[in-house]
Amino acid sequence: MSLAPERLPEALWIILQGFKQRGGRLCVLTGAGISAESGIPTFRGTEGYWRVGSSNYVPERMATHEMFSHYPDEVWRWYLMRFGRCRDAQPNAGHLALVALEQTLGDRFRLVTQNIDGLHRRAGSSDERCFAIHGDAAWVRCSSECGVGRLAAPELAVRDSLEPFTQVELLQLHCPSCGSWLRPHVLWFDEYYDELNYRADSALRAAGAADLLITVGTSGATSLPMQIGELCLRTGAAILDINPEANPFGMLAQQARRGFFAQGAANDWLPRIAAALA
């Protein structure tokens, strides 16, 4: 299938056709913007706030190992609210377009996502080529790192900050091996990226080998995604940023020798880009 150049801006069409002719490698980096189109609120939105006693906590405080060490039950209640929204959401046209790109490019495709909602996986992106650098809500692991490995997250009911857990639910939230609290398989603000849990090294290798970087719906608020963008700029990769608003990745695209800022929604741009590369 081919796409007439008038369907895309000429500058973008030239970048995509050059990539296609060279048979290069593509790295895609996605953030909360692509999932917002499936109805999942962005992480730092007003929906992320949580009341503990008389105090109102922001996500940057709730999503920490320190908070979990003091209030594990409260952190779990907050995450169950977020995970419930992830379970109810469905992949959108942007997710499906990335699956089509993986099918087209095969091992020349890598996807790095900041999203923990699992929508890329549920849309059909492969575990081998999709690196969830902030974790995945589908999994939990032992907070004491006793060696039990990743476990499927318990599907507990969403609750407010005053509703206690039952004894049966508390049992589901504790490690079956050592009895410690299970924790969400997500990267907290006071933790570091690693390869074992978050595929950080794999993500950087994918960026370093990329001929084209496509960033989608990310604000550049965390360190590893910005390292990926800056690495691609240094290596001379083409950079395409898709975002409704101006952002650091759009600025990187404008600095790149071959770059384009596609202002708008992933649902609009990604299917057309996937068609152009098919």
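The values are calculated or read from the model by the stated rules, or taken from the named source; none is laboratory data. All figures in this text were calculated on a predicted structure; none of them were measured in a lab. A quick note on method: Cβ atoms are made from the backbone with ideal geometry, for glycine too, and the neighbour counts reach across all protein chains shown. Remember, those area values only see protein heavy atoms, side chains included, never the ligands or the DNA or RNA. Shrake-Rupley method; radii C 1.70, N 1.55, O 1.52, S 1.80 Å.
Tabulated data for the structure shown
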quantity	calculated
Carbon + sulfur, % of accessible area of region 60-173 - ligands and nucleic acids excluded, 1.4 Å	50
Arg129, Arg7, reordered so the largest accessible area comes first (probe 1.4 Å)	Arg7, Arg129
Probe 1.4 Å, accessible area per residue of the chain, Å²	45
Calculated over the chain: convex hull of Cα atoms, volume per residue (Å³)	120
10 Å binning of all Cα-Cα separations within region 170-209, expressed as whole percents from 0 upward	25, 33, 29, 11, 2
Cα centroid separation, region 226-273 to region 188-219 (Å)	15
For peptides 250-256, 164-170, 68-74, sequence by mean Cβ density within 10 Å, most packed first	250-256, 68-74, 164-170
Ranked order, Glu163, Glu155 - accessible area, probe 1.4 Å, largest first	Glu155, Glu163
Equivalent ellipsoid dimensions for region 143-213 as semi-axes, Å, which come from the Cα gyration tensor, largest first	33, 16, 10
Nearest-0.05 FRET efficiency for Met81 and Ser144, computed from C-beta distance (R0 22 Å)	0.30
Tensor-based shape of region 72-146 (alpha-carbon gyration tensor, a/c under 1.5 rounded, otherwise prolate or oblate)	oblate
Folded to 0 to 90 degrees: helix 266-277 orientation relative to the chain principal axis, Cα	50
Relative contact order [Cα under 8 Å, 6+ residues apart], the chain, whole percent	25
Environment charge of Gly118, counting only residues whose C-beta is closer than 14 Å and scoring Lys/Arg +1, Asp/Glu -1	+1
Residue-span extension gain [Arg22 to Thr104] - 0.36 nm each, minus C-alpha spacing	28.1 nm
With Cα atoms, 0 to 90° folded angle of helix 10-22 axis to the chain main axis	90
Degrees, to the nearest 10: 93-105 long Cα axis against longest axis of the chain	60
Summed residue charge, Cβ within 12 Å of Leu156's Cβ, Lys/Arg positive, Asp/Glu negative	-1
Dimensionless Rg/Rh of region 228-278 - Kirkwood Rh, Rg from C-alpha atoms	0.99
The chain, helix-only ellipticity at 222 nm - DSSP H runs n ≥ 4, -39,500 (n - 2.57), divided by all residues, nearest 500	-11500 deg cm²/dmol
Note, ³J(HN,Hα) from phi for region 112-125, Karplus 6.51, -1.76, 1.60, rounded to Hz, x at Gly and Pro	10, 10, 8, 8, 9, 6, x, 5, 5, 4, 5, 6, x, 5
Pair-distance profile P(r), taking every C-alpha pair of region 146-269, with 5 angstrom steps and integer %	2, 9, 15, 14, 13, 11, 10, 9, 9, 6, 2, 0
